[in-house]
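Just below is one structure, and these are the notes that go with it.
Derivation of every value follows stated rules applied to the coordinates shown; laboratory data play no part. The structure displayed is predicted, hence computed values, not measured ones. So basically every Cβ, Gly included, is an ideal-geometry build from the backbone, and we count neighbours across all protein chains shown.
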Amino acid sequence: MLETLRSIGYTLDTAVADIIDNSIAAGATDVQLEIVWQGQQSTLTLSDNGRGMSPEALREAMRPGSRHPGQVRHKDDLGRFGLGLKTASFSQCRRFTVLSKPQAGEVTFRCWDLDYVNEAKAWNLLCHVSDESLVEQLAAQPQGTIVFWEKMDRLVGNLQLGNSKHEALFGQYVKMVEHHLAMVFHRYLEDNSLTIYVNGEKLSPWDPFLTAEPFTQRLIDETLLSGQVVIRPYILPHHRRLSHPDLFEEAGGLRGWGAHQGFYIYRNRRLLVAGDWLGLFRREEHCKLARIMVDLPNTLDDAWQIDIRKAQSFPPTTLQGDFKRIGTHARTRAVEVYRARGRKLKHTHSIGFTPVWQENVRLGQRHYTINRQHPLVKDLLEKSKGQSSALLHAVLRMCEETIPVPLIVLSEAEKPREQAVPYENVGDEEIMPLLQDLFKDFRAAGRSAADVRQMLLNMEPFNYFPHLIDKLPNA
């Protein structure tokens, strides 16, 4: 049976997160994680300051399936099956020990060792700890629990001490754990209700919604099932609107921008699903800016099909219509931001946006054309005559028909940061004369200075130069 528990599908990072769930359920505010490289003797130690367990409670906690999944639990409990401690630990190691100390109590410990079980052919829970310093460490605390993993065969495999490449690979595993914990518990870390240290370094939260960014858009919140389910859609900024270049890589998370789009399912503020359309939509490059927070209580675990690993979840049939409606709206807004090259979707006054390029649909196919009503294009067309006019129209048509759309889409998807910003390397001295000429033309046509300035703010490419528009006359 214990060998079977090793095959549920945990990875190192998800297994560690499951152990921390127990710490949070025990009221811990501080978690210390030490992952030590010693080749085949590598170990993992997780200690917390939560409510410790009595000897009886510890024995019960070490028993597989120590409670029924339907059992009524405290609203802040992150467990469900009573299997997390055992399955998570055995998925990564062949021996694990739990030491615990309740308030005003003594340190007790129990150990499961798969090799001993196989050798003795008996399901004996051992009263054994291989590292006595852990007993001393816990005895010095008012209360707490320590989980100690040894014989980490699933992680270490054939890695050998003294091999620099093997040590570097082990270090990568540790980094993956850090990133995963910063993501899964980010809301606990953000409100300082929990601190997590990995090898002495304090983790910073990973906010998937970029709530501190000025161009992040939060759509209208919705509640379902009489307030039990709370949904908060966010539209992230285009990467050109991020306040710092490093934010692009950071916001991409563990799997990248495309893979992190969709619904983020939380149970008691703990992240279960880090971006997924839950079978309602496909992942699309132009929808990658949509991220939707969904908060659930633990009373809905069964309806949402939350598995033992707390790694997947699906909405009940009765809510799928609402989720599709909310997802459709968020995806639409995300596409608008994506195609608008990062501008906030808010047109000032009654003046619409004037792009250089337009998207048109003919016979079910999308075509991109140069906007003949753009003031600069319109002026050029009006000034050309005869053969020159025909040639100009032909050149515009040639540009429209030969746009390398597949190449642009591929480049934007694979290397978005390498896409140049319009007029990025053009000096203000080249743009200002164009602005001044247009300003004069519009004023001569009878428009007020305020209206002309507003038109230019909503006209491509001048919308990228608001500081120059501010220099135009007020009258």
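Observations, loosely collected:
- Ranked by the mean number of other Cβ atoms within 10 Å of their residues, highest first, the peptides 198-204, 400-406, 455-461 come out as 455-461, 198-204, 400-406.
- Taking the Cα centre of region 4-202 as origin and assigning +1 to Lys and Arg Cβ atoms and -1 to Asp and Glu Cβ atoms, the resulting dipole is close to 640 debye.
- With Cα atoms, 0 to 90° folded angle of helix 164-184 axis to the chain main axis: 70
- For region 4-202, the spherically averaged projection of the C-alpha convex hull amounts to 11.6 nm².
- C-alpha long axis of helix 386-401 to longest principal axis of the chain, angle in °: 10
- Centroid-to-centroid separation of region 432-470 and region 119-147 [C-alpha atoms, Å]: 74
- Extension gain, GLN103-ARG372: 0.36 nm per intervening residue step, less the Cα-Cα distance, totals 89.1 nm.
- Proximal charge balance of PRO316 [Cβ under 12 Å; K/R count +1, D/E count -1]: -3
- Of the options [x] 76, 66, 41; [y] 99, 56, 45; [z] 126, 57, 46, only one is Cα extents along the principal axes in Å as computed from these coordinates, and that is [y].
- Within the chain, DSSP assigns beta bridges of which about 80% are antiparallel (rounded to the nearest 5).
- The chain: angle of helix 428-444 to the longest principal axis, Cα-based, in degrees nearest 10: 50
- All aspartates and glutamates inside 12 Å of LYS121 as judged from Cα atoms, apart from same-chain residues fewer than 8 positions distant: ASP113
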